[in-house]
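One structure below.
The values are calculated or read from the model by the stated rules, or taken from the named source; none is laboratory data. Here the structure is a predicted model, which is why all the values come from computation and not from measurement. Cβ placement follows ideal geometry from the backbone for every residue including glycine, while neighbour counts extend to all protein chains displayed. Please note that ligands, DNA and RNA were not included when accessible areas were found on the heavy atoms of the full protein model with its side chains. Shrake-Rupley method; radii C 1.70, N 1.55, O 1.52, S 1.80 Å.
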Amino acid sequence: MQKIIVGIKRVVDYNVRVRVKPDGSGVALDGVKMSVNPFDEIALEEALRIKERGEATEIIAVSIGPDDAQQQLRTALAMGADRAILVKTDQAIEPLTAAHALLAIIKTEQPDLVIVGKQAIDDDAAQTGPMLAALWGRPQATFCSKLTINGTVATIVREVDAGLETIEVDLPAVISADLRLNEPRYVKLPDIMKAKKKQLDVTDLATLGVSIDDGLKTVHTEAPKARAKGILVKDVAELVDALKKKGLVS
Amino acid sequence: MEFSLSDEQRMIIKTTRDFVTHELMPHEAEVEATGVLRPELQAALKAKAIDAGLYAANMPADVGGAGLDTVTWVLYEKELGRTGYALHYNCVGRPSNILCACVGEQREKYLYPSVRGERVDCLAMTEPGAGSDVRGMKTTAVADKDDFVINGTKHFISHADHADFVILFAATGEESGPRGIKKKITAFLVDMGTPGFVVRDGYRNVSHRGYNNCILEFNDCRVPKSAVLGQVHEGFEVANSWLGATRLQVAATSIGRAERALALATEWAAQRQQFGQQIGKFQGVSFKLADMALELRAAELLTLDAAWKFDQKIATDSDMAMAKLKATEMLAMVADEALQIHGGMGLMSDLPLERIWRDARIERIWEGTSEIQRHIISRAMLRPHGG
């Protein structure tokens, strides 16, 4: 295997308590800490491990987003990606557009494997990976929690409701990373300094010949209702009573 | 003026914070409860720190360190300061920058192994009779043919319990100056186990459990002339040229710890309900939070300003003194108020606040007391007026 492409999305950091804009048009992003989507970090870590086992030679991190998404790509480069591509757009784009953009990159780069996070923690859509596989006409394996590669076949263990499901796909394929696939490494200090010198190309949707889809429209955004105050119970018997009263157990 | 962080600085902060949060903080309770950082735990965490490239990141790139500029190094120190001192200093070691003064074989024997984490240094200046008045030291090193013979006692020597060698300062002569007799000081590199050199347990103390200070005794301890670091009689010159911004290290770690205390206090003020409302809505609590945030920001800006000036080679002794003084006094205030906001709960060892409060106390004393820093600042002001 030669190339692996990894999708990297810039999202609000998971530690930030998000606040909805007063007009309900979305989430306030001014001055909010942004990070690499945690599932994309896992995707990249898996690609790095594949490369370190000698099963791949190049890892390309790709992001679609504003100019500032270069920060997240620099993080990917510091983690160990060989080069990065930013598809610059200042518009909020939906999964289908992201999939089209990734497909355009794939056509040029001809990767043997694409790994993306199973979902981004901002919109939780979990659609870009599957849509990309469909557009590309290649197999997909979502929610991957274990990945082994043998020549042109990848074996994937998926965590499903009934337990663990093992499937095989022919490469090239799209794989989406689940939480337990691996634990991403600490970015090493010397690698952070070296990341500055790695190649980061910037392109845009028009150059790639991708038009922005408008199938989705955000109508309104609101914060979840505040949780009602809990009650303290003395023991298990009282707890069971309280749950029964609420009709939560019979 | 440019105050924004570079991508590299942001990443260094993140990776250091992640390491501190996931690798070091989980062991805080054990170190606090036992007063000991177990050697096997220390070794395991140190190996992880080396692997993450965090170990010896203070050192220049040409000797194997990370080659950080002073501002970035301060940001790194600040993140390390969020956890207990024994955990961050003994596991994520920062060898003394003075080792960069090593020449020839000294570099192979002391400098490079220290950067790689194979050997650990400690620095011995303070004596029972020589604290702030460091030139008053009584430890002597007398030339004898090709050797120096060292006699005297050092105390409060940090890290000597697990160090492999000591950077020792001793008087090698006297000269008369305008203000009387002045001792001439020389720096030496002395290996642990050298005959005539004994390390004894130091004193139990209020701050930084798991960290030990030691007493060093020298009785006719003989070292070769090749053990001299820098030039004979020029120990302070070596220290001044190479020791680096150690006061900024104290300032930065104090700021990191204060940030943690303030975050805990803010969280508590928002969650804790009394008299039917968040306690943070009472002015008695909210004004405390505002003052804490204000002091913290002021200390951070002073420290970053001093670090930036250090990089530009325009930092004065006063800049260093102001950063150290402000950051350590701010930490004392923030730790105390964070504890106060928590009420009785703040005193319980289940929260890190009582530790942060105890640990804060040493910061106003070591690396130059608050009084010495005020002396430095005021002297610089008065000197042009003939003071």
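General remarks:
- Scattering profile of the range B:316-358 at q = 0.21, 0.23, 0.31 Å⁻¹ [log10 I(q)/I(0), Debye over alpha-carbon scatterers]: -0.63, -0.69, -0.97
- With DNA, RNA and ligands ignored, accessible area of residue A:220 (1.4 Å probe; Å², nearest 10): 110 Å²
- Summary of packing: across the peptides B:55-64, A:199-208, the per-residue average of other C-beta atoms within 10 Å ranks them, highest first, as B:55-64, A:199-208.
- Heavy-atom accessible area, 1.4 Å probe, ligands and nucleic acids excluded: residues of the range A:177-193 down by at least 10 Å² from chain alone: A:186, A:187, A:188, A:189, A:190, A:192, A:193
- Take each peptide in B:180-186, A:190-196, A:2-8, count the other Cβ atoms within 10 Å of every residue, and average; sorted highest first, the result is A:2-8, A:190-196, B:180-186.
- Two-decimal ratio, the range A:62-155, of alpha-carbon radius of gyration to 2.2 N^0.38 Å: 1.11
- With the convex hull drawn around the C-alpha atoms of chain B, the volume per residue stands at 153 Å³.
- With a 10 Å cut-off around each Cβ of A:70-77, the average count of Cβ atoms from other chains is 2.
- Listed peptides B:46-52, A:106-112, A:141-147 appear in the order A:141-147, B:46-52, A:106-112 once ranked by packing, highest mean of other Cβ atoms within 10 Å at the front.
- Per-residue shielding of B:3-10, expressed as the average number of other chain Cβ atoms within 10 Å of the residue Cβ, stands at 4.
- 222 nm mean residue ellipticity, helices alone, for chain B (DSSP H n ≥ 4; -39,500 (n - 2.57); rounded to 500): -14000 deg cm²/dmol
- Computed from phi, the 3J(HN,Hα) profile of the range B:192-204 under the Karplus parametrisation 6.51, -1.76, 1.60 (θ = phi - 60°) reads 4, x, 5, x, x, 10, 10, 9, 10, 4, x, 9, 6 Hz, with x in place of Gly and Pro.
- Heavy-atom accessible surface of chain A: percent carbon and sulfur, 1.4 Å: 51 percent
- Apportionment of accessible area to carbon and sulfur, the range B:7-96, percent (1.4 Å): 56 percent
- Equivalent ellipsoid semi-axes, the range B:1-99, via Cα gyration tensor eigenvalues times 5, rooted, Å: 24, 16, 11
- Pairing chain A with chain B buries about 1600 Å² of accessible area. This figure sums both sides and uses a 1.4 Å probe.
- Euclidean distance of C-alpha centroids, the range B:230-254 and the range B:309-383, integer Å: 19 Å
- Among the DSSP helices (H) of chain A, those spanning at least 15 angstrom by Cα along their long axis with an average Kyte-Doolittle hydropathy of 0.5 or more are A:95-109; this is a geometric and hydropathy rule only.
- Chain B, dipole about Cα centre (Lys/Arg Cβ +1, Asp/Glu Cβ -1), debye to the nearest 20: 680 debye
- Over all distinct Cα-Cα pairs of the range A:17-78, the Kirkwood formula returns a hydrodynamic radius of 13.8 Å.
- Taking all C-alpha pairs of the range B:260-387, those more than 20 Å from each other amount to 53 percent.
- With all protein chains in place and a 1.4 Å probe, the accessible surface of the range B:128-169 carries 52 percent carbon and sulfur.
- Cubic angstrom per residue, convex hull over Cα atoms of the range A:3-245: 186 Å³
- Per residue, the accessible area of the protein assembly as shown comes to 50 Å² when a 1.4 Å probe rolls over the protein heavy atoms.
- Counting only GluC sites (Glu not before Pro) that DSSP places in a loop and that have at most 11 other Cβ atoms within 10 Å, the longest clean stretch of chain B runs over B:119-387.
- Largest first, the extents of the alpha carbon coordinates of the protein assembly as shown on the three principal axes equal 87, 64, 55 Å.
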